[in-house]
Amino acid sequence: MHVSRRVILLGSTGSIGESTLDVMRHMRALPDLDFELIGLGAGSRGQELIEQAREFGVDEISIADSEVAASLDFQGTMHVGPGSARELVESIAKPGDLVVAAIVGSAGIDAVLAAIDAGCDIALANKETLVAAGSIVMPRAAERGVHIIPVDSEHSAIYQCLRGSDSDREIRRIVITASGGPFRGRDRETVREATPEEALAHPTWDMGQKISIDSASMMNKALEVIEAHWLFDLPSDRIEVIVHPQSIVHSFVEYVDGSVLAQMGPPDMKTPIQYAMTWPHRMDGCSDRMDWKSLQSLVFEQLDHDVFPPVDMAREVIELGGTAGAIFNAANEVAVEAFLGGEILFGGIHDLVRQALDGIPVKQVHTINDIEEADSAARALVRERIGDMVNRPATMGEDK
Ligand code: NAD
Ligand code: MG
């Protein structure tokens, strides 16, 4: 069997983007695979983008930051500005192509929609797209007959385990595993005052800054519960979360007969990335293998919802529906930036997301404009509340 595919990679300079290129380098050496990279998109790391384009012979690229773009020397076609990833897709995507969506945040939504409209399958890492705009993205993908194949390790695990059944009615529930992040076992007060350096030090996964903070705050698990709700069409009471600090079991599917299927493997994103790219086939992988000789036990524990409230908030967001996901996601994006910039305490992330959910009326979603409006309203509210905050980090203003 020969698999051939044209690939557009959006977010190529990030953690998932670079791992995707490693997978492509590995796949070049495999006999039955012919994956051709035809487009690359990034936010701001222009020089790396150009080097990637050179290595893979790509002559159409996109870059969101126009100042960076102005300093670049590129012979091919370069789309520039906030809408550049969408423009790249609109310019080159054809039905049957694969778009790897690895932009971080709701900035990735319009390129995913353009890829669906062009008839491309999506290997989706950009979970914020589903959290904010799942009610637009999923029906549009179904209408257009394209597949959304998850890259997120937990959702890849569930996607793989779902091949153990031939009807969605046979699923009782899914159980998403969480590593617990760097603050597992800590009490509420020390977590609230954690520094960016502590929050960025993830015990098992090496990832981009935003998702690392999300993992520490448990917002990542909250986003993943909402992502799973859209991908697998399940209500919140059939999506459980369990802490598994080793990150070897990537998630479970429990069936009505009591059988539980799990997908396992060492924590390496190249495995789910490659699966999403070669699906429904499996090809020789390039990740580490399980070391069965050193594995002695698998550990599970319950999530402490008092210290980490976001998963409960995610259930609320699913129940609310409409624009709640867009509000939840955008508030978190602004709060994470503010935390990384030293403007708020770590505990301020939860507080600000809560305030956005309480302060902005949830509306029905008819078009993508409804999502964009909710996203903007949440960003504005959070920025305003940050301005009003008295409980700033101790170092703030000391040198001023
Ligand atoms: P990252 O910060 O390392 O990379 C983000 C990429 O998006 C970069 O290439 C950046 O240039 C680009 N980008 C940022 N803003 C942009 C914009 N406005 N327009 C165009 N491009 C822009 O992030 P990451 O860790 O690779 O994560 C990417 C996505 O994958 C996130 O949604 C994350 O939640 C998800 N994800 C990541 C991992 C992981 O292990 N890193 C695991 C599961 C899911
Ligand atoms: Mg994940």
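Only the coordinates and a few stated rules stand behind these numbers; no lab work does. Note that the structure is a prediction, hence the values are computed from the model and not measured. Here the Cβ positions follow ideal geometry from the backbone for every residue, glycine too, while neighbour counts run over all protein chains shown.
Under unit Cβ charges (Lys, Arg +1; Asp, Glu -1), what dipole magnitude, rounded to 20 debye, does the chain have relative to its Cα centre?
560 debye
Take each complete run of DSSP H in the chain, measure how far its Cα atoms stretch along the helix's own axis, and keep only those covering 27 Å or more with mean Kyte-Doolittle hydropathy at least -1.0; list them. Provide the component values of the computation, followed by the final result.
On the way: long enough: 368-388 (30 Å, -0.50).
Flagged H segments are 368-388.
Measuring from a point 7 Å past the Cα of residue 290 along Cα-to-C-beta, which residues in region 155-178 have an amide N at less than 20 Å?
So the set is 155-165, 175-178.
To the nearest 20 debye, what charge dipole does region 3-151 have about its Cα centre, counting +1 at the Cβ of each Lys and Arg and -1 at the Cβ of each Asp and Glu? Kindly include the intermediate steps, with their values, before the conclusion.
Values: 11 positive and 21 negative charges, 75 e Å.
Dipole of region 3-151, to the nearest 20 debye: 360 debye.
Do any of 127/210; 210/363; 221/270; 221/363; 221/293 go past 22 Å between their Cα atoms, and which?
With Cα atoms farther than 22 Å apart: 210/363; 221/363; 221/293.
Can you give the Rg to Rh ratio of the chain, both from alpha-carbon atoms, with Rh computed by the Kirkwood formula? List each step's numbers first, then the result.
Values: Rg = 20.6 Å, Rh = 21.7 Å.
Computed over Cα atoms, the ratio is 0.95.
Please work out the FRET efficiency for the pair residue 195 and residue 257, using the Cβ-Cβ distance as r and a Förster radius of 45 Å; give the result to the nearest 0.05. Could you put the intermediate results ahead of the total?
Working: r = 48 Å, r/R0 = 1.07.
It comes out at approximately 0.40.
Quickly estimate the mean residue ellipticity at 222 nm for the chain, helices only: each DSSP H run with n ≥ 4 gives -39500 (n - 2.57), and the total goes over all residues, rounded to 500.
Working: 16 runs with 179 residues, N = 400.
That calculation yields -13500 deg cm²/dmol at 222 nm.
When you count, for each residue, the other Cβ atoms within 10 Å and take the mean per peptide, how do 361-374, 343-356, 150-163 rank with the highest first?
Numbers: 361-374: 15.9, 343-356: 21.6, 150-163: 24.1.
Ranked by mean Cβ neighbours within 10 Å, highest first: 150-163, 343-356, 361-374.
Only counting other Cβ atoms within 10 Å, I'd like 183, 35, 339 sorted with the fewest neighbours first. Write out the running numbers ahead of the final one.
Details: 183 21, 35 17, 339 25.
By the 10 Å Cβ count, ascending: 35, 183, 339.
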